[in-house]
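Student: Can you keep this structure in mind? I'll have questions shortly.
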Amino acid sequence: MRRWALAIAILAAVLFLGAEAQAVQQGHQTERISGSAGDVLEDNPVGRLKVYVYDLPSKYNKKLLKKDPRCLNHMFAAEIFMHRFLLSSAVRTFNPEEADWFYTPVYTTCDLTPSGLPLPFKSPRMMRSAIELIATNWPYWNRSEGADHFFVTPHDFGACFHYQEEKAIGRGILPLLQRATLVQTFGQKNHVCLKDGSITIPPFAPPQKMQAHLIPSDTPRSIFVYFRGLFYDTSNDPEGGYYARGARASVWENFKNNPLFDISTDHPPTYYEDMQRSVFCLCPLGWAPWSPRLVEAVVFGCIPVIIADDIVLPFADAIPWEEIGVFVAEEDVPKLDSILTSIPTDVILRKQRLLANPSMKQAMLFPQPAQPGDAFHQILNGLARKLPHGDNVFLKPGERVLNWTAGPPGDLKPW
């Protein structure tokens, strides 16, 4: 009862004092983020790098999208929108000799099941085929074996190309991508599917759809903790405990009857509106550490409660995650109520003020058309910060590092 009383008191204080944060959002007079984060968010990558976009046959990209337009709407769609953005971006160069980076547009997640989930099984062969093509027809891959190339790989476990962690770990990153920079949604410290130098990005969440569900900014946040999604995945984890490493199951088992927690497997039509009425939004891991909930929470000003040990968050050098979110260890999920009710009201209000910063929201989105400071520009900023290339990027004449015949036998078959 004491915890409930504390939470009710916090809600009352947030509702009473929250006008301060809402006024900030309405007037765009946001609190400047301390440290370098605010500066990074305002970086303009134009003029700091040039990108050459390989013109691949349509079977690697546009033909796949034409066959199944659903690829535009799922959470893996960043690879498509990044391609579209670069085609008209001011950083694009048509002269490969002056390029700092080379981009290979391969839509590896645009092979969908009837239910709309991407199948990763053809992805390694598709990627190998594209690399063989650019290595044969252009000289730039061979001079660095991809060290000045970047690829967008938004699968569950990035360029390991599998949706089950155990099998992804067994596969490892596609050997031909070992020297390239990977732009991927997956990020977990000390994991074989996250190579050094990767740029971790947010998953795609449809900006127009979220915009259509905005409610008045002065709407009270009357829900303390909010979550909608699976707690168990009985079809893929019938014995339980493997899915989300048991963290989601623990949320349900400990708090399904707690009046402070509005949690359910239902996904109501008011989902976006409910997030805007909530103080805390749970962002637990699922099969992978990441999900669109993190994007939705930031966009809707709901403090993200991140439950995913060792997660590497999107644009960690540009977004002050420690200041806007709450991190809860997976083993501490049973104490979630006491953790959240113990956060002082002034800390909650500060997090809400920071979340109200338009730049914070923009950095998590892939809008059409692109806008200053958005996720596209954050990716370019990440690439620009890697320049100039070091001496180890370009190989000596005749030198080879990559093993073109490495990997599972199935990956070596023609695509």
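The values are calculated or read from the model by the stated rules, or taken from the named source; none is laboratory data. None of these values were measured; they are calculated from a predicted model. Positions of Cβ are generated from backbone atoms using ideal geometry, with glycine treated the same way; all protein chains shown enter the neighbour counts. All accessible areas refer to the heavy atoms of the entire protein, side chains included, with ligands and DNA or RNA removed. Shrake-Rupley method; radii C 1.70, N 1.55, O 1.52, S 1.80 Å.
Student: Please go through region 321-415 and write out the GluC sites (Glu not before Pro) that DSSP classes as loop and that have at most 10 other C-beta atoms within 10 Å.
Tutor: Answer by residue number: Glu399.
Student: While we're here: Post the alpha-carbon centroid distance, region 102-163 to region 189-231, in whole angstrom.
Tutor: Result: 25 Å between the Cα centres.
Student: Can you give me the accessible area per residue for the chain, using a 1.4 Å probe, in Å²?
Tutor: Accessible area per residue: 43 Å².
Student: Can you sort Arg221, Arg245, Arg400 by 1.4 Å-probe accessible area, starting with the largest?
Tutor: Sorted descending by solvent-accessible area, the residues read Arg400, Arg245, Arg221.
Student: Between rounded, prolate and oblate, where does region 88-143 land on the alpha carbon gyration tensor, with a ≥ b ≥ c its root eigenvalues, rounded for a/c under 1.5, else prolate if a/b exceeds b/c?
Tutor: oblate
Student: Assign one of three labels to the chain, namely rounded, prolate or oblate, based on the Cα gyration tensor with a ≥ b ≥ c the square roots of its eigenvalues; rounded applies when a/c is under 1.5, prolate when it is not and a/b is larger than b/c, and oblate otherwise.
Tutor: prolate
Student: While we're looking at this one, here's another question. Add -39500 (n - 2.57) for each DSSP H run of 4 or more in the chain, then divide by its residues: what number comes out at 222 nm, to the nearest 500 deg cm²/dmol?
Tutor: The helix-only estimate for the chain comes to -9000 deg cm²/dmol at 222 nm.
Student: Let me ask something additional. Run the reach check for Lys122 against lysines, Cα to Cα strictly under 24 Å, same-chain hits fewer than 8 apart removed. What comes back?
Tutor: Lys59, Lys62, Lys63, Lys66, Lys67, Lys167, Lys195, Lys413
Student: Which Cys residues of the chain have no other Cys beta carbon under 4.7 Å away?
Tutor: Cysteines of the chain left without a disulfide-compatible partner: Cys283.
Student: About the Cα centre of the chain, what is the dipole size in debye to 20, counting +1 per Lys and Arg Cβ and -1 per Asp and Glu Cβ, all else neutral?
Tutor: 920 debye
Student: With a 1.4 Å probe and every protein chain kept in, tell me what percent of the accessible surface of the chain is carbon plus sulfur.
Tutor: Carbon-and-sulfur percentage of accessible area, whole number: 53.
Student: Further question on the same structure: Which Cα, out of Ala99, Val183, Gln208, lies furthest along the positive dipole direction of the chain (beta carbon charges, K/R +1, D/E -1)?
Tutor: Ala99
Student: Quick one: how many Å² of Val192 are accessible to a 1.4 Å probe, rounded to 10?
Tutor: 80 Å²
Student: Let me ask something else about it. If the cut-off is a Cα-Cα distance under 13 Å, which aspartates and glutamates reach Lys50, setting aside same-chain residues fewer than 8 apart in sequence?
Tutor: Cα-Cα hits under 13 Å: Glu97, Glu98, Asp100, Asp148.
Student: Could you give the dipole magnitude of region 341-392 about its Cα centre, charging the beta-carbon of Lys and Arg +1 and that of Asp and Glu -1, in debye to the nearest 20?
Tutor: Approximately 160 debye in magnitude.
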